[in-house]
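Step one of this worksheet: look at the structure below.
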Amino acid sequence: MSKKIKLFDPFVDINEEKAITKVLHNHFWANGAGKGNVLKFEQLFKKYINSKECIAVNSGTAALHLALSLFDIKNKEVILPSLSFVSTAHAIMYNGGIPVFVDVEPKTLCIDPKKVEEAITKKTRVILPVHYAGIPCDLDKLNKIKKKYNLKIVEDAAHASGSSYKNKKIGSHGDAVCFSFHPAKNLAMPSGGLISINGTNIKKFKKILDSKRWVGISNRVGSKYDVTDIGWNYYMNEFSAVIGIEQLKKLESANLKRKYIAKRYSKELKIIKKIPLSKDCSYHLFWISVNNQKEFMKKMLENNIETGIHYLPIHKMKFYNSKVKLKITEDITKKIVSLPIHPNLKNTEIDKIIKLTNKFSKV
Ligand SMILES: Cc1ncc(COP(=O)(O)O)c(C=O)c1O
């Protein structure tokens, strides 16, 4: 029996092993104030994406929660795509906001700026686009809407470590940009996330986020401190940070490997509807559309190839149960399948995925 081809698989080598062993033995494993390797990771990531300030946290969900908390969305509306991981919507709820789901563009599956503008009301405060699969959203159009209606943009860049928009890395454009370093992501940690901030009030926001990620502790001098606001236990630990430092060193080459696989899939898969080829995409996911989603996935698994569905539409989940009709999202989620695209794939495995995808997508 051949080895199972995993849908996601972190790209690690001896350097991660050495780094975590060092942390293990130096006994400095975590610090809420974000010192040591957490600070180092923040500085390196900030340089990589060229942003004004970066604050590391312990998940992408925490990043979204805290980033939205900067813009006082209580009883206000936040416009987002339904085609995302549930955390995107939950982060709005954590802050007492109201999620307003809109449809995506059929080609990129990123939020449709026209639908965003149509959904704006007096209560709208934030637009929350998701750089779906690593394809950058149309930030120019979204920024025009933001300015016209005096809104904020919080980007969900969970898929977009290393993606670019107009020759600048994702993370350098928005008011607040949220990354996830979940093990499945392009830059993998056991768990981790980060908020990049670029707009106005950088110093003020950095101070707020520093405090909120460590149970609200502020004005710390020696062992004394105060708590001026509620906060959470969201700080990143040293093991995640050192893994992140090693992962960041090879992110560009790992993303190049993803692009190589994307080019092969794009050329060799005889499937009309699939993620477009883009030099700006990190290719966190490679999605295709098939008529027989369940059967296709079953056949691939019988042949030891894991596939996935990203995502089931959030607005249809019982908890959200929105009556809004999102035609493109609802149609594509019945057909969409993610194929493995991680840098650990060998050429023989890529060949097998292409051959069997062509075979079973016809069924
Ligand atoms: C689009 C999107 N948003 C948010 C998240 C949440 O990130 P995390 O799992 O690190 O909390 C994820 C990943 O799981 C994601 O894919």
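The values are calculated or read from the model by the stated rules, or taken from the named source; none is laboratory data. Predicted, not measured: the structure shown is a model, and the values here were computed from it. Virtual Cβ from ideal backbone geometry, glycine too; neighbours counted across all protein chains shown. Note: areas computed on protein heavy atoms with side chains; ligands, DNA, RNA excluded. Shrake-Rupley method; radii C 1.70, N 1.55, O 1.52, S 1.80 Å.
If only one of ILE127, ILE79, ILE120 is more than 16 Å from the ligand (Cβ to nearest atom), of a type in the set (A, V, I, L, M) and touching a residue at least 24 places away in the same chain (Cβ under 8 Å), which one is it?
Values: ILE127 fails: more than 16 Å from the ligand (Cβ to nearest atom); ILE79 fails: more than 16 Å from the ligand (Cβ to nearest atom).
Selected residue: ILE120, the only one of ILE127, ILE79, ILE120 that is more than 16 Å from the ligand (Cβ to nearest atom), of a type in the set (A, V, I, L, M) and touching a residue at least 24 places away in the same chain (Cβ under 8 Å).
Of everything in region 219-238 that's touching a Phe, Trp or Tyr at 6+ places or on another chain (Cβ under 7 Å) and over 16 Å from LEU68 (Cβ atoms), which residue is surrounded by the most Cβ atoms within 10 Å (Cβ to Cβ)?
First pass over region 219-238, keeping only residues touching a Phe, Trp or Tyr at 6+ places or on another chain (Cβ under 7 Å): 219, 231, 235, 237-238.
Among the residues that remain, those that are also over 16 Å from LEU68 (Cβ atoms) are: 219, 235, 237-238.
Numbers: ASN219: 11, TYR235: 21, ASN237: 20, GLU238: 24.
The residue in question is GLU238.
For LYS22, all conditions in the list (1) assigned to a helix (DSSP H, G or I); (2) within 14 Å of the ligand (Cβ to nearest atom) hold save one; what is the number of the exception?
Only one criterion in (1) assigned to a helix (DSSP H, G or I); (2) within 14 Å of the ligand (Cβ to nearest atom) is unmet by LYS22, namely (2).
With (1) within 12 Å of the ligand (Cβ to nearest atom); (2) outside any helix (DSSP H, G or I); (3) in contact (Cβ under 8 Å) with a residue 60 or more places away in the chain; (4) open to solvent by less than 30 Å² (accessible area, probe 1.4 Å) as the list, and GLY171 as the residue in question, which single condition is left unmet?
All conditions are met except number (1).
Given the condition out of contact with any strand residue (DSSP E or B) (no Cβ under 7 Å at 6 or more places or on another chain), among the charged types (D, E, K, R) and closer than 25 Å to VAL154 by Cβ, answer yes or no: does some residue in region 43-53 qualify?
Within region 43-53 (the criterion being out of contact with any strand residue (DSSP E or B) (no Cβ under 7 Å at 6 or more places or on another chain), among the charged types (D, E, K, R) and closer than 25 Å to VAL154 by Cβ), the answer is yes, since at least one residue qualifies.
Got a sec? Which of VAL130, VAL154, VAL116 is under 15 Å from SER282 (Cβ atoms) and crowded, with 24+ Cβ neighbours inside 10 Å?
Values: VAL154 fails: under 15 Å from SER282 (Cβ atoms); VAL116 fails: under 15 Å from SER282 (Cβ atoms).
Among VAL130, VAL154, VAL116, only VAL130 is under 15 Å from SER282 (Cβ atoms) and crowded, with 24+ Cβ neighbours inside 10 Å.
Can you go through TYR320, TYR265 and tell me which one is within 15 Å of PRO340 (Cβ to Cβ) and of a type in the set (Ser, Thr, Tyr)?
Details: TYR320 fails: within 15 Å of PRO340 (Cβ to Cβ).
Answer to the check: TYR265.
Return the pair list, or none, for Cβ contacts closer than 7 Å from residues in region 141-154 that are without any contact (Cβ under 8 Å) to a residue 40 or more places away in the chain to residues that are part of a helix (DSSP H, G or I) and of a type in the set (D, E, K, R), at least 6 apart or on different chains.
ILE145/GLU117; ILE153/LYS146
Answer with yes or no whether ASP140 is away from the ligand (no atom under 16 Å from the Cβ), modelled with pLDDT of 95 or more and under 19 Å from MET236 (Cα atoms).
On the way: away from the ligand (no atom under 16 Å from the Cβ): yes; modelled with pLDDT of 95 or more: yes; under 19 Å from MET236 (Cα atoms): no.
Criteria not met by ASP140.
Determine the pairs where a residue that is within 16 Å of the ligand (Cβ to nearest atom) and modelled with pLDDT of 95 or more, located within region 48-67, has a partner that is among the aromatic types (Phe, Trp, Tyr) and assigned to a helix (DSSP H, G or I) with Cβ atoms under 7 Å apart, the partner being 6 or more residues away or on another chain.
Close Cβ pairs satisfying both conditions: CYS54/PHE45; ALA56/PHE41; HIS65/TYR94.
What number of residues within region 9-38 satisfy the criterion of being loosely packed, with under 11 Cβ neighbours inside 10 Å and aliphatic (A, V, I, L, M)?
Residues flagged as loosely packed, with under 11 Cβ neighbours inside 10 Å and aliphatic (A, V, I, L, M) within region 9-38 amount to 1.
Can you pull out every residue in region 202-218 that is farther than 12 Å from LEU66 by Cβ, open to solvent by less than 80 Å² (accessible area, probe 1.4 Å) and not small (Gly, Ala, Ser)? Step through it out loud before you land on a result.
Restricting attention to region 202-218, the residues satisfying the condition of being farther than 12 Å from LEU66 by Cβ are 202-204, 207, 215, 217-218.
When the remaining residues are screened for being open to solvent by less than 80 Å² (accessible area, probe 1.4 Å), the result is 202, 215, 217-218.
Passing the criteria: ILE202, VAL215, ILE217.
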